[in-house]
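A quick write-up on the structure given underneath.
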Amino acid sequence: MLLEKVNSPEDIRKLSVDELYTLAKEIRNYIIDVVSKNGGHLAPSLGAVELAIALHYVFNTPEDILVWDVGHQAYAHKIITGRRDEFKELRKFNGISGFLSIEESEYDVFGAGHSSTSISAALGIREALDRKGKKDTKVVAIIGDGALTAGVAFEALNNAGDSDKDIIVVLNDNGMSISPNVGAISSFLSRKMTGRFMTSLRNEVKNFLRKIGTPGAIELVRKIEDSIKSLLAPSALFEAMGFVYVGLINGHRIEELIEVFENAKIQERPLLIHVVTKKGKGYPPAESDPEKFHGIGPFDVKTGEVIKSNKPRSYTSVFADTLIKLAREDEDIVAITAAMPTGTGLNKFKEVFPDRFFDVGIAEQHAVLFAAGMAIKGLKPVVAIYSTFLQRAFDQLIHDVAIQKLPVIFALDRAGIVGEDGPTHHGIFDLSYLRLIPNFTIAVPKDENELKNLLYSAFRWEKGPKAIRYPRGAGVGVEVTDDFVFIEEGKWEILSDGEHGVIFAAGYPVYPVLKVAERLRKDGIKIAVVNARFVKPLDSEMLRSFESEPFAITVEENSIIGGLGGAVAEFYSERSGPPVFRIGLNDCFPPVGSQSDLRRLAGLDEDGLYRRIKEIISGILAHG
């Protein structure tokens with residue numbers, strides 16, 4: 001196999017074009033095999049195999065810089081750049097990341113887990129290289145898989161085009177079909193207009209016209225060139241931003257990609273190469289259903305069917321079904337997501353209420369503002385966004401929603417430790433960054449049935465923004481009842497009585513803490529357990545009822561800084577309350593690994609919590 005001989009990009013530069021096609025097929029099969037076992041982002045990476053090969057074939061990486069966007073396009077890139085064997089441990093604990101990581105390889109020049117960052121980073125890298133006298137180094141940003149829908153990408157394009165810097169942007173367009181005839185003509189034109197002959201001719205004409213001083217002649221040549229190209233390629237937007245546009249290029253024809261990239265190397269101004277690829281390329285199930293195979297768990301390669309487990313219903317499913325049920329009774333309820341209809345469960349809502357569902361693309365800032373506009377005129381928007389992605393709309397949460405006390409409900413999926421997607425995706429900061437915003441209510445259900453009731457209740461609380469955050473994956477297995485129970489805003493519940501202290505737990509840790517309390521009773525220690533299901537507002541009445549306890553422990557799956565523990569400590573610091581011991585995630589970014597592995601690593605599984613709580617109690621008893 002050719003793949004076994006590829007240990008670096010230098011190895012593929014020795015291959016013929018025919019051999020590169022063979023290599024692409026082998027890489028595709030390898031990706032399918034690994035992802036079928038480990039799970040991962042299959043369809044996007046299958047579509048970018050030839051693109052990754054051609055980029056490393058033409059550009060002298062790692063001296064030339066490739067900045068990948070939406071890191072899940074880059075599986076082939078990882079395999080080519082010396083991580084072939086490590087790829088078997090993709091997304092596993094102590095294995096390699098499913099995204100780009102500067103700690104993993106010198107070829108991963110800039111980390112990428114969230115989307116739309118590549119052009120800004122590449123422009124910054126270009127500026128730094130120029131200042132250090134490395135003008136011959138090429139800088140290429142590869143953006144795609146919907147990332148161009150985010151505002152920051154257009155901000156970067158605008159700045160890069162205006163800078164007139166030597167930067168290449170490759171737009172990997174996997175959401176657009178291309179007519180063979182138009183594609184062939186456009187591809188031919190683009191390749192020839194950026195070739196050495198056309199580039200040399202264009203420059204010589206410009207130099208000649210400068211010498212003879214003909215007024216407006218150079219601009220006339222530019223307009224004629226632009227007019228010809230605009231007839232055959234969708235270049236107007238990018239040309240208006242200051243880029244030379246090259247497209248449309250078939251992203252699966254390696255010889256075409258090589259020719260275009262070779263021509264691109266001689267350019268010294270902003271260049272955008274529009275490449276069209278097929279998401280899921282080479283694996284029929286992924287080609288026919290790229291959304292399903294965008295991010296997928298282990299599956300059967302022959303059938304494409306996901307390998308099912310006997311786990312309880314997911315929080316995502318309960319959220320979606322509950323929202324549909326509520327929307328049947330209230331036509332003002334609408335749902336918004338930012339390019340994650342399936343991940344948030346809102347694809348089910350869309351099927352029932354297509355005219356009340358809105359996918360705004362990878363544009364979290366716009367999603368929040370869009371919801372604010374709806375709310376101010378009487379609609380009841382529910383914005384479903386992963387916890388980690390809502391960080392991108394922090395200003396809108398404050399400036400546009402909270403200040404105006406708008407009744408927008410935020411459903412924060414993937415809160416806490418998310419598992420295999422790693423540091424960029426763990427939702428471990430939302431309690432902290434939301435708690436500091438005035439007018440916000442933050443609810444944390446202990447199980448899937450409580451999620452249902454909190455969502456029902458949120459529409460009935462006082463005016464203002466609400467956030468309900470819940471974990472990735474399966475619930476704890478409680479029955480999700482058909483009836484709704486109203487939960488008063490800011491009210492906690494006592495789950496277990498005690499006399500030796502109290503534990504306030506929020507969200508996922510509640511059930512492990514209850515089991516710890518049972519184990520402690522066998523040790524002769526009776527400790528109260530409270531479901532602190534609101535991090536804001538706190539249940540001040542209940543907190544005051546525990547002021548005389550010898551100690552209080554808080555447990556949360558959030559950063560130890562600024563979450564539930566910080567809130568309870570602040571409350572008791574202003575009174576003669578008990579000492580507060582906080583258990584949560586340390587001031588760090590948890591690595592890649594399964595949720596169970598990472599919870600064990602953080603001491604948030606049952607055994608870890610038992611040891612930590614027993615240690616705290618032993619320390620208190622030792623000091624009288």
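Below is a table of values for the structure above.
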item	result
Some residue of the range 455-467 being over 21 Å from PHE429 (Cα atoms), of a type in the set (Ser, Thr, Tyr), in a helix (DSSP H, G or I) and not assigned by TED's automatic domain parsing to the domain that holds LYS515	yes
Qualifying residue in the range 361-370 (condition: polar (S, T, N, Q), assigned to a helix (DSSP H, G or I) and under 19 Å from ASP587 (Cα atoms))	no
Candidates ALA52, ALA48, ALA43, filtered to the one that is aliphatic (A, V, I, L, M), free of Cβ contacts under 8 Å to residues at least 40 places away in the same chain and either touching a helix residue (DSSP H, G or I) at 6+ places or on another chain (Cβ under 7 Å) or within 13 Å of GLY144 (Cβ to Cβ) (or both)	ALA52
Any chance LYS37 is surrounded by fewer than 24 Cβ atoms within 10 Å (Cβ to Cβ), under 23 Å from the mean Cα position of the chain (by Cα) and assigned to a helix (DSSP H, G or I)	yes
Pick from the range 567-581, criterion surrounded by 18 or more Cβ atoms within 10 Å (Cβ to Cβ) and farther than 18 Å from LYS491 by Cα, ranking: nearest to the chain's Cα centre (by Cα)	PHE581
Every pair of residues 6+ apart whose Cβ atoms lie under 6 Å, when the first sits in the range 399-411 and is within 26 Å of ILE324 (Cα to Cα) while the second is modelled with pLDDT under 95	LYS405/LYS463; PRO407/LYS463
Of all residues making up the range 376-418, the number that are part of a loop (DSSP other than H, G, I, E, B) and among the basic types (Lys, Arg)	3
Matching residues in the range 40-66 - criterion: being of a type in the set (S, T, N, Q) and outside any helix (DSSP H, G or I)	ASN60, THR61
Search result, residues across the range 43-66 that are of a type in the set (Ser, Thr, Tyr) and surrounded by fewer than 24 Cβ atoms within 10 Å (Cβ to Cβ)	TYR57, THR61
Residue list for the range 106-129, filter: over 27 Å from THR149 (Cβ atoms) and surrounded by fewer than 18 Cβ atoms within 10 Å (Cβ to Cβ)	GLU106, ALA128
Single match in GLY501, GLY490 (criterion: more than 14 Å from TYR572 (Cα to Cα) and more than 38 Å from the chain's Cα centre (by Cα))	GLY501
Among the residues listed as GLN404, GLN391, the single one being of a type in the set (S, T, N, Q), under 25 Å from the mean Cα position of the chain (by Cα), at pLDDT 95 or above and surrounded by fewer than 20 Cβ atoms within 10 Å (Cβ to Cβ)	GLN391
Residue, surrounded by the most Cβ atoms within 10 Å (Cβ to Cβ), within the range 13-28, restricted to residues that are touching a residue at least 60 places away in the same chain (Cβ under 8 Å) and under 18 Å from ARG84 (Cβ atoms)	ALA24
Residues of the range 493-525 classified as buried (at least 20 other Cβ atoms within 10 Å of the Cβ) and in a loop (DSSP other than H, G, I, E, B), total	5
Failed item in (1) surrounded by fewer than 20 Cβ atoms within 10 Å (Cβ to Cβ); (2) over 18 Å from GLU420 (Cα atoms); (3) not small (Gly, Ala, Ser), with ILE613 passing the rest	(1)
Single unsatisfied condition, GLU549 versus (1) in contact with a Gly (Cβ under 6 Å, 6 or more places away or on another chain); (2) modelled with pLDDT of 95 or more	(2)
Residue identified as aliphatic (A, V, I, L, M), part of a loop (DSSP other than H, G, I, E, B) and without any contact (Cβ under 8 Å) to a residue 40 or more places away in the chain among ILE96, ILE102	ILE102
Selection count where residues are part of a loop (DSSP other than H, G, I, E, B) and touching a Pro at 6+ places or on another chain (Cβ under 9 Å), scope the range 302-331	4
Any chance LYS88 is surrounded by fewer than 23 Cβ atoms within 10 Å (Cβ to Cβ), among the basic types (Lys, Arg) and outside any helix (DSSP H, G or I)	no
Of all residues making up the range 116-142, the number that are more than 15 Å from ASN60 (Cα to Cα) and part of a loop (DSSP other than H, G, I, E, B)	4
Residue match in the range 526-535 (condition: outside any strand (DSSP E or B), under 28 Å from GLY297 (Cβ atoms) and in contact with a Leu (Cβ under 9 Å, 6 or more places away or on another chain))	no
So GLY584, is it within 20 Å of ALA443 (Cβ to Cβ) and not in a helix (DSSP H, G or I)	yes
Selection count where residues are of a type in the set (Asp, Glu), in a loop (DSSP other than H, G, I, E, B) and closer than 15 Å to ALA505 by Cα, scope the range 587-610	1
Inter-residue pairs, beta-carbon under 6 Å, first of a type in the set (S, T, N, Q) and in the range 364-381, second buried (at least 16 other Cβ atoms within 10 Å of the Cβ), 6+ apart	GLN365/ALA393; GLN365/GLN396
Search result, residues across the range 67-82 that are assigned to a loop (DSSP other than H, G, I, E, B) and within 22 Å of LYS281 (Cα to Cα)	ASP69, VAL70, ALA74, THR81
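The values are calculated or read from the model by the stated rules, or taken from the named source; none is laboratory data. Just so we're clear, the structure is a prediction, and the values are computed from it rather than from any experiment. In this analysis, Cβ positions are derived from the backbone assuming ideal geometry, glycine residues included, and neighbour counts consider all displayed protein chains.
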